[in-house]
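> Could you have a look at this structure, given as structure tokens, before my questions?
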2 protein chains.
Amino acid sequence: MSEEIVIPSPADFHVHVRQGKMCELVTPQVAKGGVRTAYVMPNLVPPLTSTDAVLSYKAELERIDPSVQWLMTLYLHTDVTPDVVRKAADAGIYGIKVYPQGLTTNSDSGVKDYEAYYPVFQAMEENNMVLNLHGEVSSDAEKNISVLNAEVHFLSHLKKIATDFPKLRIVLEHATTAAAIEAVSSLPANVACTITAHHLYLTIDDVPSQPHHFCKPVAKEPKDRKALQDAIKSGNPKFFLGSDSAPHPLSSKIPNLTDDGSVSACAAGVYTSPILIPLVATLLESFGALDKLAGFVSENGRKFYGVPAGENQELKLKRTGNGKEDGLVKGTFKGEGVEVLPFWTGKKLGWEIVN
Amino acid sequence: MSEEIVIPSPADFHVHVRQGKMCELVTPQVAKGGVRTAYVMPNLVPPLTSTDAVLSYKAELERIDPSVQWLMTLYLHTDVTPDVVRKAADAGIYGIKVYPQGLTTNSDSGVKDYEAYYPVFQAMEENNMVLNLHGEVSSDAEKNISVLNAEVHFLSHLKKIATDFPKLRIVLEHATTAAAIEAVSSLPANVACTITAHHLYLTIDDVPSQPHHFCKPVAKEPKDRKALQDAIKSGNPKFFLGSDSAPHPLSSKIPNLTDDGSVSACAAGVYTSPILIPLVATLLESFGALDKLAGFVSENGRKFYGVPAGENQELKLKRTGNGKEDGLVKGTFKGEGVEVLPFWTGKKLGWEIVN
């Protein structure tokens, strides 16, 4: 087994770095996890629905960590008109993220009807912007739609949008099912798909007992996890890393008894940024795909987005040692009034960053 | 809508009342929830594998609350021989509970191979004892077996045992799937099935965000919940209440950072005893089955087990009022060094106990 790996400049094509004190805490962790280019999600409070708001956020991230290339997105909303799209494209904003209404963190302003946004999608196609889809429909007990099949039920929307806008670049974000992998594989080259690190490890068995494993979409069955792993093993360039690293304050990841006598639900999100590339290397090695690391984390996404690696941005990883503490992920990260727990806490990573 | 209901003596044919300080706290809550007869699970530490241990536990429960009729079970284990079965039957122990190894609270001593226990099942059949099955197989990623289909994969074991022991009374405990309802319905009258209160309300959507909704088996899809509701609506006497009320200390229902640097998993169990019969009435009314309340909680299980209601044990319920606090389930129960949170906390019950 090789003891060192060098890969081109890694990119994370789906990351949440939040705002305020949480942003101050987690933004520097993106580079620490080995990422040189980060595609940033716009679901802030309020959501980023104007070019000015996005550029202001980008300036904030560059202030906190100028070493990372921050690629920005808009939040699809009725405020986002074709004119807004043109202005955003001119300003260098890469994509627009679609949140189905109410499905995940800060998505109350999200989308209910995709066709209502066709003029926006057309403007995006004309201006070469990328459409980023959170691929779930809302639960509906009457139709037996739950978190388990919400992604599968979304795939008809994906196929329709891809058919109606054949030149629009579309990314199905954080795929979790064999059906999604199959759908993306069967669609033309304008449709790609991000896969998180944690969905390469978790199944539904790991979720009910552990709120720190709860995210949207929830991890599915072993056969689904295997389909994600196999997509990476195949080397198909449609599939690349989007960590969906999503920090939440530790206190909001456990149920709390509230003042009104009810019990709060835990927030959805798994936080992987500080360990991201070593974690992906560890996981890919576990299912025999370490040779696909460069493609998955460095090349495929950059090619799809048209964001080449900068000069001298290679990342060197080495195998962790055998000592008790080597590669061990330890406890929480604390900032001013905020504390977050990374995924893999208490477990060992097989790889660590050298440079 | 009627404002009062009177039903025969309610029975809960599956309840955990634990041991030590937890037992002191939760045992009196069984009667407070409207239950006159309680069928008690044997998964203590160590598990109850001898008649003497069971009788000693029964005496303890009678000391804490002599008003309840405590029906006792043994824990199936290699210590439980046909001789032990005969002794247990003579001592008035009603049944033997089978825990698949490692699947739920205190099940490390559980069963891996059902056929190895055929001599025990035969002795049970001869001595008119009831076999209580936790109906799940172990997860196995290679076979795509997870918590979602663990019950469905168990049904072949149920069918085989029922076929091989046609006179053995068998209860599939806490069914959660449409497939289980269908299997029990299709088997002869010696096979019955308990249904919990919480599985009439929860689906998988409610579980990942809320460890207080995590239990084994986990709640499944909306179509499965509907199958449980429809089984009750049908009035089929094979289906009756077994709450699986399973208290855990509040601290073990949330993830904790442990001294060795890892993150603990949350314990599996939903606690319903203190509100059980009002909760069942509220839920049955919600899906149009209030007229089946007496059958589900009082008659069907008693008939299957041969445990008639005592004299003057009717339970009277009345509709809760419209005041802000009427029917509201409030916060935790605290005992000496132990605190538990009941299901439905912060929500309102539609019915309350009069007598």
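We did not get these values from a lab; they are worked out from the coordinates using the rules stated. The structure presented is a predicted model; accordingly, all values stated were derived computationally and were not measured. Every residue, glycine as well, gets a Cβ built from its backbone with ideal geometry; the counts of neighbours run over all protein chains shown.
> Quick one: which residues, 5+ away or cross-chain, put their amide H under 5 Å from the amide H of A:Y99? H built at 1.01 Å from N.
Sorted by chain and number, the residues that satisfy this are A:L76, A:V111.
> With a 10 Å Cβ neighbour count serving as the proxy for reagent exposure, in which order, fewest first, do B:C193, A:C266 appear? Mind dumping the intermediate values first?
Working: B:C193 28, A:C266 21.
Ordered from fewest to most neighbouring Cβ atoms within 10 Å, B:C193, A:C266 come out as A:C266, B:C193.
> Could you grab the relative contact order for chain B? Cα pairs under 8 Å, six or more apart, rounded to a whole percent. Please list the in-between numbers first.
Values: 734 pairs, mean separation 70.7, N = 355.
So the answer I get is 20 percent.
> Continuing with the same structure: Quick one: what are the phi-derived ³J(HN,Hα) couplings along region A:226-232, Karplus 6.51/-1.76/1.60 with θ = phi - 60°, whole Hz, x for glycine and proline?
Couplings: 4, 5, 5, 4, 5, 4, 6 Hz.
> Kindly list the residues of region B:246-280 that lie in the label zone of B:Q19, defined by a backbone N under 18 Å from the point 7 Å along the Cα-to-C-beta vector.
Within reach of a label on B:Q19: B:246-249.
> Continuing with this model, one more query. Placing a label point 7 Å from Cα toward Cβ, how far apart in nm is A:G335 from its equivalents in the other copies, listed shortest first to one decimal?
Result for A:G335, in nm, nearest copy first: 4.4.
> For a quick check: with amide H placed at 1.01 Å from N, whose amide H comes under 5 Å from B:S245's, ignoring anything fewer than 5 positions away on the same chain?
Correct list: B:H16, B:T272.
> Sort shortest first the distances from A:K324 to its counterpart in every other copy, using label points 7 Å along the Cα-to-beta-carbon line, and give them in nm.
5.5
> Taking the rotation that carries A onto B, look along its axis and tell me which residue of A has the beta carbon nearest to it, distance in whole angstrom.
Closest Cβ to the A-to-B rotation axis, residue and whole-Å distance: A:I254, 2.
> So for the protein assembly as shown, taking the charge dipole from beta-carbon charges (+1 Lys/Arg, -1 Asp/Glu), which of A:V270, B:V263, B:G95 sits furthest toward the positive end?
B:G95
> Hey, got the average number of other protein chain Cβ atoms within 10 angstrom for residues in A:262-269?
Values: counts 7, 12, 3, 7, 6, 1, 2, 0.
Rounded to a whole number, the mean comes out at 5.
> Here's a follow-up. Just from its helices, what would the mean residue ellipticity at 222 nm be for chain A, if runs of 4 or more DSSP H residues each count -39500 (n - 2.57) and the sum is divided by every residue, rounded to the nearest 500 deg cm²/dmol? Intermediate values should be presented prior to the final figure.
Working: 9 runs with 99 residues, N = 355.
Calculated at 222 nm, the ellipticity per residue is -8500 deg cm²/dmol.
> Net charge within 14 Å of B:T81 by Cβ-Cβ distance, Lys/Arg positive one each and Asp/Glu negative one each, not counting B:T81 itself? Intermediate results must be reported in sequence, preceding the final value.
Details: positive: B:R86, B:K87; negative: B:D79, B:D83, B:E126.
It works out to a net charge of -1.
> Moving on to the next point. Test of understanding: extend the Cα→C-beta vector of A:D65 to 7 Å, then name every residue of region A:297-337 with backbone N under 12 Å from that spot.
Output list for this probe position: empty.
> Moving on to the next point. Past 28 Å, Cα to Cα, is the threshold; run B:K112/B:K292; B:K21/B:K112; A:K32/A:K97; A:K347/B:K216; A:K58/A:K216; A:K143/A:K238 against it and keep the listed order.
Violating the 28 Å limit, Cα to Cα: B:K112/B:K292; B:K21/B:K112; A:K143/A:K238.
> Would you mind calculating the relative contact order of region A:164-282 from Cα pairs under 8 angstrom and at least 6 residues apart, reporting the percent as a whole number? Please report the intermediate quantities before stating the final value.
Working: 184 pairs, mean separation 32.4, N = 119.
Worked out over region A:164-282, it gives 27 percent.
> Right, next: Points 7 angstrom from Cα along the Cβ direction at A:N312 and B:S251: gap in nanometres?
5.4 nm
> Residues with beta-carbon under 14 Å from that of B:V130, excluding B:V130: net charge, scoring Lys, Arg +1 and Asp, Glu -1?
On the way: positive: B:K97, B:K167, B:R169, B:K238, B:R302, B:K303; negative: B:E125, B:E126, B:E173.
Around B:V130, the surrounding residues sum to +3.
> Using DSSP, restrict attention to beta bridges with both residues in the protein assembly as shown and report what percent are antiparallel, rounded to the nearest 5. Can you show the working numbers first?
On the way: 26 of 81 bridges.
Within the protein assembly as shown, antiparallel bridges account for around 30 percent of the total.
> Further question on the same structure: Just grab the label-to-label distance for B:T163 and A:F287, each label 7 Å out from Cα along the Cβ direction, in nm (one decimal).
Inter-label distance under the simple model: 3.6 nm.
> Additional query: Taking θ = phi - 60°, what integer Hz values does the Karplus form 6.51 cos²θ - 1.76 cosθ + 1.60 yield along region B:99-104, in sequence order, with x for Gly and Pro?
After applying 6.51 cos²θ - 1.76 cosθ + 1.60, I find 9, x, 4, x, 7, 8 Hz.
> What is the mean number of Cβ atoms from other protein chains located within 10 Å of the Cβ atom of each residue in peptide A:142-151, rounded to a whole number?
Other-chain Cβ atoms within 10 Å of each residue's Cβ, averaged: 4.
> I want to verify a result. In a Gaussian network model of chain A, Cα cutoff 10 Å, which of these has the top mean-square fluctuation: A:K97, A:K143, A:K238?
A:K143
> Something else: Can you give the Rg to Rh ratio of region B:161-239, both from alpha-carbon atoms, with Rh computed by the Kirkwood formula?
Working: Rg = 13.3 Å, Rh = 13.1 Å.
Dividing the radius of gyration by the Kirkwood radius yields 1.02.
> On to the next question. Between A:S234 and A:V6, with labels modelled 7 Å along Cα→Cβ, what's the label distance in nm to one decimal, could you check?
My value for the distance between the label points is 3.2 nm.
> From the backbone phi of region A:193-205, what are the Karplus-calculated ³J(HN,Hα) couplings (6.51 cos²θ - 1.76 cosθ + 1.60, θ = phi - 60°) in whole Hz, Gly and Pro given as x?
These are the phi-based 3J(HN,Hα) values: 7, 8, 10, 7, 5, 5, 6, 7, 10, 6, 10, 4, 4 Hz.
> So the label point sits 7 Å from Cα along the Cα-to-Cβ vector; using that for B:N312, what distances do you get to the other copies, in nanometres, sorted shortest first?
Going from nearest to farthest copy, the values are 9.4 nm.
> Subtracting the Cα-Cα distance from 0.36 nm times the residue separation, let me have the gained length for B:S156 to B:V45 in nm, one decimal.
Values: separation 111, 0.36 × 111 = 39.96 nm, distance 2.99 nm.
My answer for the length gained is 37.0 nm.
> Other chains' Cβ within 10 Å of B:248-255 residues: what's the mean? Before the final figure, lay out each step's value.
Values: counts 0, 0, 2, 0, 0, 3, 6, 11.
Across B:248-255, the average partner-chain Cβ count within 10 Å equals 3.
> Quick check: Cα centre of region B:45-66 to Cα centre of region B:121-142, how many Å?
22 Å
> Gaussian network model of chain B, Cα springs within a sub-10 Å range: biggest mean-square fluctuation belongs to which of B:S273, B:S138, B:S264?
Looking only at B:S273, B:S138, B:S264, the biggest GNM fluctuation is shown by B:S264.
> Calculate the FRET efficiency for B:S56 and B:E339 from the Cβ-Cβ distance with a Förster distance of 22 Å, rounded to the nearest 0.05.
Values: r = 27 Å, r/R0 = 1.21.
Taking R0 as 22 Å, the efficiency between B:S56 and B:E339 is 0.25.
> Same structure, new question: Looking at region B:10-311, what % of its DSSP beta bridges pair antiparallel, to the nearest 5? Walk me through the intermediate numbers first.
On the way: 2 of 30 bridges.
In region B:10-311, approximately 5 percent of DSSP beta bridges are antiparallel ones.
> Another one. Among rounded, prolate and oblate, which fits region A:10-311 when a ≥ b ≥ c are the square roots of the eigenvalues of its C-alpha gyration tensor, a/c under 1.5 means rounded, and a/b larger than b/c means prolate?
Working: a/c = 1.11, a/b = 1.07, b/c = 1.04.
It comes out rounded by the Cα gyration axes.
> Taking a ≥ b ≥ c as the square roots of the Cα gyration tensor eigenvalues, with a/c under 1.5 meaning rounded and otherwise prolate when a/b beats b/c, else oblate, which class fits region A:1-136? Can you show the working numbers first?
Working: a/c = 1.78, a/b = 1.65, b/c = 1.08.
Prolate, because a/c is 1.5 or more and a/b exceeds b/c.
> Another question about this same structure. Take the alpha carbon gyration tensor of the protein assembly as shown, find the square roots of its eigenvalues, order them as a ≥ b ≥ c, and report rounded if a/c is under 1.5; if not, report prolate when a/b exceeds b/c, else oblate.
Details: a/c = 2.16, a/b = 1.87, b/c = 1.16.
Note, shape of the protein assembly as shown comes out prolate.
> Would you work out the relative contact order for region B:137-214, in percent, from Cα pairs under 8 angstrom that are 6 or more residues apart?
Details: 70 pairs, mean separation 17.7, N = 78.
23 percent.
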